[in-house]
Amino acid sequence: ASRNLPANLHGKRKIWSHQMKAKEQAYCPYSKFRVGAAVLAIYSTVFLTGCNVENTSYPLGLCAEMTAISKAVSEGYISFKAIAIASDLEDCFISPCGACRQFMREFGSQWDVYMSKSDGSYKLMTVEELLPCSFGPDDLRKGKNPVGNSKL
């Protein structure tokens, strides 16, 4: 279900403003598709942001979600409460691509993902809802090996 951000959600309001500012920094000369993201780490009030960064060699571009999470990790944060994603889409909510969903999953499956429209409405899902039956760090710790029968 989509909804507008309630005024009484202090932390959510802040993450919202940070994702919108990050979108303004997007480097997208080819697609003109601006995306910004802001992550909120557990036990923190710091919002780390990222934007999409395109490259002439298209596969080398970076998504906003990966940029924001990488920036957070480089600052010492690896546990997250939420990520909010903004774009200029009017008719549908901005949704993370498959690679970003797996990238988010690396840092847990029970954190919130706010997917927004340009009018401020959003859809809230967890990483697990976006990537059900996912493969993550716990699977490797259990001795599962997705690459044959060798021991890790």
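The values are calculated or read from the model by the stated rules, or taken from the named source; none is laboratory data. Treat the numbers as computed from the prediction; the structure is a model and nothing was measured. Cβ atoms come from the backbone with ideal geometry, glycine included; neighbour counts cover every protein chain shown. Please note that ligands, DNA and RNA were not included when accessible areas were found on the heavy atoms of the full protein model with its side chains. Shrake-Rupley method; radii C 1.70, N 1.55, O 1.52, S 1.80 Å.
Evaluating ASP88 against the criteria (1) within 21 Å of SER17 (Cα to Cα); (2) free of Cβ contacts under 8 Å to residues at least 60 places away in the same chain leaves one unmet condition, (2).
This table checks each residue for (1) of a type outside the set (A, V, I, L, M, F, W, C); (2) open to solvent by 50 Å² or more (accessible area, probe 1.4 Å).
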site: TYR27; (1), (2): yes, yes
site: ARG34; (1), (2): yes, yes
site: TYR43; (1), (2): yes, yes
site: THR49; (1), (2): yes, no
site: ILE83; (1), (2): no, no
site: ILE94; (1), (2): no, no
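Taken over the stretch 51-75, the criterion of being open to solvent by 30 Å² or more (accessible area, probe 1.4 Å), among the small types (Gly, Ala, Ser) and under 16 Å from MET104 (Cα atoms) is satisfied by SER70, SER74.
When the stretch 36-66 is filtered for residues that are among the β-branched types (Val, Ile, Thr) and more than 21 Å from TYR114 (Cβ to Cβ), the ones remaining, listed by number, are VAL53, THR56.
Can you confirm whether LYS123 is more than 11 Å from the chain's Cα centre (by Cα) and in a strand (DSSP E or B)? Yes: the conditions hold for LYS123.
Within the stretch 99-114, restricting attention to residues that are open to solvent by less than 50 Å² (accessible area, probe 1.4 Å) and in a helix (DSSP H, G or I), the residue that is nearest to SER31 (Cα to Cα) is CYS100.
Checking each residue in the stretch 119-129 for being without any contact (Cβ under 8 Å) to a residue 40 or more places away in the chain and either open to solvent by less than 50 Å² (accessible area, probe 1.4 Å) or of a type in the set (Lys, Arg) (or both) picks out MET125, THR126, VAL127. Quick check, is PRO132 open to solvent by less than 50 Å² (accessible area, probe 1.4 Å), in a loop (DSSP other than H, G, I, E, B) and at pLDDT 90 or above? In short, no.
Looking across the stretch 22-48, the residues that are at negative phi and modelled with pLDDT under 95 come down to LEU40, ALA41, ILE42, SER44, THR45, VAL46, PHE47, LEU48.
Here is a yes/no grid of residues against (1) in a strand (DSSP E or B); (2) β-branched (Val, Ile, Thr):
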| site | (1), (2) |
| --- | --- |
| ARG13 | no, no |
| HIS18 | no, no |
| ALA22 | no, no |
| PRO29 | no, no |
| ALA37 | yes, no |
| SER44 | no, no |
| GLU65 | no, no |
| SER70 | no, no |
| VAL73 | no, yes |
